[in-house]
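Throughout, read-outs are computed from the coordinates displayed, never taken from laboratory work. Model, not experiment: these values are computed from the prediction. So basically every Cβ, Gly included, is an ideal-geometry build from the backbone, and we count neighbours across all protein chains shown.
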Amino acid sequence: MPPTSRTGWYTVFFLALSVLLADQLSKFAVARFLYVGSRRVLIPGVLNLVHTSNRGVAFGLGAESHAPWLAPLLIVFSIGVIGLLGWLLATDRAGGWLGRSGLALILGGAVGNVLDRALRRSVTDFIDFQLGSHHWYTFNLADSAIVLGAGLVVLELLRDWQHHTREQERA
């Protein structure tokens with residue numbers, strides 16, 4: 001159902017809002033119950049909770065920068081992305097169900113992270129995942145939603161590409 005319908009709008013809005021609320025509540029809990037730099041082992045050798053603060057972008061890039069312009073630049077860029085996502089959803093240019101769901105997940109995650117940057121000039125990360133010697137960068141629920149949303153958008157694009165390719169072969 002396209003988001004221009006009432007039910008479609010509610011679904012997209014509810015999904016984005018759910019991501020935002022889950023992200024902010026989890027970050028609040030981490031800030032409340034874990035000191036910055038502390039670690040709680042959940043699954044030994046696989047999953048830990050840590051309280052970190054990331055001033056940079058994804059995967060800790062620029063995290064050590066103390067440039068005063070970095071946080072405002074990231075906020076402005078994020079607001080631009082949020083505006084684009086909102087426009088794609090509002091104008092029904094987000095594709096089918098997978099694309100709309102993916103963009104709603106990305107939207108909720110982007111708003112969650114930009115809210116952190118605006119309030120604290122950094123993003124709270126706390127999920128520390130590793131498999132054997134492979135250790136991933138610490139992330140949060142907003143980051144997870146953004147990655148999952150991007151995956152759904154890619155699936156939608158691949159599905160549409162395959163459908164288009166089959167139609168061209170029939171012609």
Here the gain from full extension of Q130 to S53, 0.36 nm per residue of separation minus their alpha-carbon distance, amounts to 25.8 nm
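Report the net charge of residues surrounding L157, where surrounding means a beta-carbon distance below 14 angstrom and charges are Lys +1, Arg +1, Asp -1, Glu -1. Walk me through the numbers before you get to the answer.
On the way: positive: R93, R100, R159; negative: E156, D160.
Net charge around L157: +1.
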Given a Förster radius of 25 Å and the C-beta distance between W161 and R93 as r, what FRET efficiency does 1/(1 + (r/R0)^6) yield to the nearest 0.05? 0.90
I'm checking a number: the convex hull volume of the Cα atoms of the chain, normalised per residue, in Å³. What is it? 152 Å³
From the backbone phi of the stretch 98-103, what are the Karplus-calculated ³J(HN,Hα) couplings (6.51 cos²θ - 1.76 cosθ + 1.60, θ = phi - 60°) in whole Hz, Gly and Pro given as x? 4, x, 5, 5, x, 5
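Mind checking the stretch 110-145 for trypsin sites (Lys or Arg not before Pro) that DSSP puts in a loop (not H, G, I, E or B) and that have at most 15 other Cβ atoms within 10 Å?
Values: sites: R117, R120, R121; in loops: R121.
Passing both the DSSP loop test and the Cβ count: R121.
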Value of relative contact order over the chain, rounded to a whole percent, pairs C-alpha under 8 Å and six or more apart: 29 percent
